[in-house]
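Laboratory data are not the source of any read-out in this text; all were calculated from the coordinates shown. All of these numbers come straight from a predicted model, not from anything done at the bench. Quick reminder, even Gly has a Cβ in these numbers, built from the backbone with ideal geometry, and neighbours come from all protein chains shown.
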Amino acid sequence: MTSREDWWYDEAAGPLVRPYAMVRGRTRPNAPDLHLVTQVRASSFASDQTSLTVEHREIMSLCARPLSVAEVAAYLDVPLVVVKVLLSDLIERGDVLVQTSTPQIPDRDLLQAVLDGVRGI
Amino acid sequence: MVFVGSDDQLTVPTAVKIVIAGGFGTGKTTMVASVSEIAPLRTEELLTEAGVHVDDLVGIEGKDTTTVALDFGRITINTKVVLYLFGTPGQNRFWFMWDELATGAIGAVVLVDTRRLDSSFPSIDFFEHRGIPFIVAVNCFDGSQLYTVDEVRHALDLDEAIPVLLCDARDRESSKAVLVGLIQHSMNRLAAV
């Protein structure tokens, strides 16, 4: 077991308190259905960003093009659960748009498109 | 496509995914890297030391936590479709991640190292039990191909309908052929129902 002092800093992960602080004590994303590959994109009519945190603004800038939740988490270098909370804030403000559908098993047309695409790379 | 809070008509692509599974050291991230258009990205989930998924940060400051890393890559199919390739976490205790990865996936590639065939059993069981289309790809790195396709099929007790391919996960064309094999297998399964 690690001591309580050790807990606050991990060599690989850095300061472990940061994710919790970054979401300012909020614990659960309000937006449901944020999966690994759910596509998010900054709205072209985003509201005033002066009240946003650095992390929120980074997300807005990353999402100028559509990205998956997993990509946003990777580029921001925060755990998925944290990025989901941050994205929820932006979705609630209407600053980030999101696919509402849960992952569906692709149909034949979609599979054919993927097949053609993979052959073409 | 429907958006929450949609205030403009620009759309986002449809995202699809393929799972690259297999035991530790079978070349999952190597395969992702060989076909991905970006260097593989890494994202992390939090979990408690007991291996329980943290989907809620309540009380997390008082718990010993660890992370499970997911490596993934991306192939932009066209302006409307993007494909993600997810390597499964190396340790099998992270089953909760496998469920999220497998939900809605086109299917899975189970990478096999013939020197450690038994390390692929849990992956095969997982996809078989959930009815998720999968193929087996034998990674022949460093000339380690000791067995024929039929021997591998027999050793893994695979149904005749499950394709078994030989590949080199480091090679882009070889990895592409594996993905093509999986997508075709998924299409055949779709046609059969």
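Here are some notes:
- Residue mean of other protein chain beta carbons inside 10 Å, B:75-83: 5
- What the Cβ-Cβ distance of A:Asp77 and A:Ser47 gives, at R0 = 25 Å and to the nearest 0.05, is a FRET efficiency of 0.45.
- For B:Glu173 and B:Thr79, the difference between the fully extended length at 0.36 nm per residue and the C-alpha to C-alpha distance is 31.5 nm.
- Förster radius 25 Å - calculated FRET efficiency between B:Leu165 and B:Arg115 (Cβ-Cβ, nearest 0.05): 0.90
- Estimated from the Cβ-Cβ distance and a Förster radius of 25 angstrom, the FRET efficiency linking A:Gln112 and B:Asp157 is about 0.20.
- Most to least packed among B:186-193, B:18-25, A:57-64, B:132-139 [average Cβ atoms within 10 Å]: B:132-139, B:18-25, A:57-64, B:186-193
- Inter-chain shielding of A:34-47 (mean C-beta neighbours from other protein chains, 10 Å cut-off): 5
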